[in-house]
């Protein structure tokens, strides 16, 4: 058996050497001489030198990624329009990852992932159709992960670098994979930059001009903890993280980073009698204030200026259940954040300040292979948010004391297995209101979205 393999390998290498010589100078071909196999290893090295490959033979290299682009139609109650956007629910990206064996139970590895936005589905506005005006990082490339780790099957894994902690994706567990099209628990990714219109058709600044500043008009995503991130959900940041080994489907995580943010969480994945189950829960605390240019484990907006005081804690989790025979499934997520310092800020003196931010969301659907192309998923979603005060001073309305959102979505996703492609169509309806310092109660006009696109993974 061994001799046959060696013979085949030699024949392939000789053929490859011959092909290479056809594309080089005649002098190179003449160098082969009559005894072409005498310097076989040298020819192998020459062939390898002409091929793009990893830097060394010790560490594995795997390149993968995805492209997720869509056409988005929107209506803010007065204006309607459409555009082509990178779907930020699961944006275009490429990644490099790999590992190397150290000993029988030990290995080292790495992950580098770069996100790409051609046009931003969660940052565009009525006056900025690609979402690039607010922040240079909103369109183009951004670093999602840059981290290395040491792993032991018996003892677990330690990560160091930029990545997610225990709270990352903890409110987004979804066995049906519809998060690639539209997340049921993170609604800002679809049209979050649109300015909201009052009943009279004007924006919150009493004009029909959106403006260029982040505080000119109240945007859809600004009602959700100012940044649009749901309470209970973590973010990627610079940290040290430890994951326990998997025990009976459970994996625990603790992490610390910045100055100071820490989180701890538990995840589970299993299957019982044809029913798949996945769940996650995480708790975190931070004393790091959020301000422009500062990304931490989760947002704490008591102060929007550097050096401010912060004291926040949050809890979030989600569960997903899928019955394999029928394809019926259900997802549920919830979370809260408490800001212990926001009531003490001078800008809120004498105001009825709400310091707690809560949400819950659900999705139900069916996923069946009705066509030879792949699985078809039909789903419906509901999201509810009850938010507290936000320390951002809007031009006319002033600061937000509380806000509420109700979001309804219907969608369908069709898999095309031979191309690793999912195409999708989603309709979403948003109802929102806010209580502000200067303008009192604002009942905004509804937003409507229709999104259709595809995600291909490689």
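What the table below lists for this structure:
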quantity	calculated
Criterion: in a strand (DSSP E or B) and either modelled with pLDDT under 95 or under 24 Å from residue 452 (Cα atoms) (or both) - qualifying residue of 237, 268, 184, 242	237
In the range 96-109, residue nearest to residue 241 (Cα to Cα) [restricted to those that are buried (at least 16 other Cβ atoms within 10 Å of the Cβ) and free of Cβ contacts under 8 Å to residues at least 40 places away in the same chain]	97
Which numbered condition residue 407 misses (of (1) in contact with a strand residue (DSSP E or B) (Cβ under 6 Å, 6 or more places away or on another chain); (2) in a strand (DSSP E or B); (3) at pLDDT below 95)	(3)
Qualifying residue in the range 295-304 (condition: within 16 Å of residue 391 (Cβ to Cβ) and either at pLDDT 85 or above or not in a loop (DSSP other than H, G, I, E, B) (or both))	no
Sole exception among (1) closer than 30 Å to residue 139 by Cα; (2) outside any loop (DSSP other than H, G, I, E, B); (3) under 19 Å from the mean Cα position of the chain (by Cα) for residue 231, by number	(2)
Boolean, residue 404 is surrounded by 17 or more Cβ atoms within 10 Å (Cβ to Cβ) and under 30 Å from residue 311 (Cβ atoms)	no
Residue in the range 389-396 that is within 30 Å of residue 343 (Cα to Cα), in contact with a helix residue (DSSP H, G or I) (Cβ under 8 Å, 6 or more places away or on another chain), at pLDDT 95 or above and assigned by TED's automatic domain parsing to the domain that holds residue 340 present	no
Checklist (1) loosely packed, with under 15 Cβ neighbours inside 10 Å; (2) over 30 Å from residue 397 (Cα atoms); (3) modelled with pLDDT under 85 applied to residue 258, failing item	(1)
So residue 377, is it part of a strand (DSSP E or B) and touching a helix residue (DSSP H, G or I) at 6+ places or on another chain (Cβ under 9 Å)	yes
Some residue of the range 113-131 being crowded, with 16+ Cβ neighbours inside 10 Å, in contact with a strand residue (DSSP E or B) (Cβ under 7 Å, 6 or more places away or on another chain), at pLDDT below 95 and on the phi > 0 side of the Ramachandran plot	yes
Selected residue (criterion: farthest from the chain's Cα centre (by Cα)) from residues of the range 407-434 that are surrounded by fewer than 18 Cβ atoms within 10 Å (Cβ to Cβ) and over 30 Å from residue 458 (Cα atoms)	433
Members of the range 170-180 that are in a loop (DSSP other than H, G, I, E, B) and under 14 Å from the mean Cα position of the chain (by Cα)	170, 171, 172, 173, 174, 177
Subset of the range 412-435 (residues that are without any contact (Cβ under 8 Å) to a residue 60 or more places away in the chain and either closer than 30 Å to residue 350 by Cα or not in a strand (DSSP E or B) (or both))	417, 418, 419, 420, 431, 433, 435
Single residue of the range 320-335 satisfying the filter (surrounded by 18 or more Cβ atoms within 10 Å (Cβ to Cβ) and touching a residue at least 40 places away in the same chain (Cβ under 8 Å)) that is nearest to residue 172 (Cα to Cα)	333
Count of residues meeting criterion [over 19 Å from residue 228 (Cα atoms), in a loop (DSSP other than H, G, I, E, B) and free of Cβ contacts under 8 Å to residues at least 60 places away in the same chain] in the range 135-169	0
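The values are calculated or read from the model by the stated rules, or taken from the named source; none is laboratory data. Computed from a predicted model, the values in this text were never measured in an experiment. Using ideal geometry, Cβ is built from the backbone for each residue, glycine included, and neighbour counts are taken over all protein chains shown.
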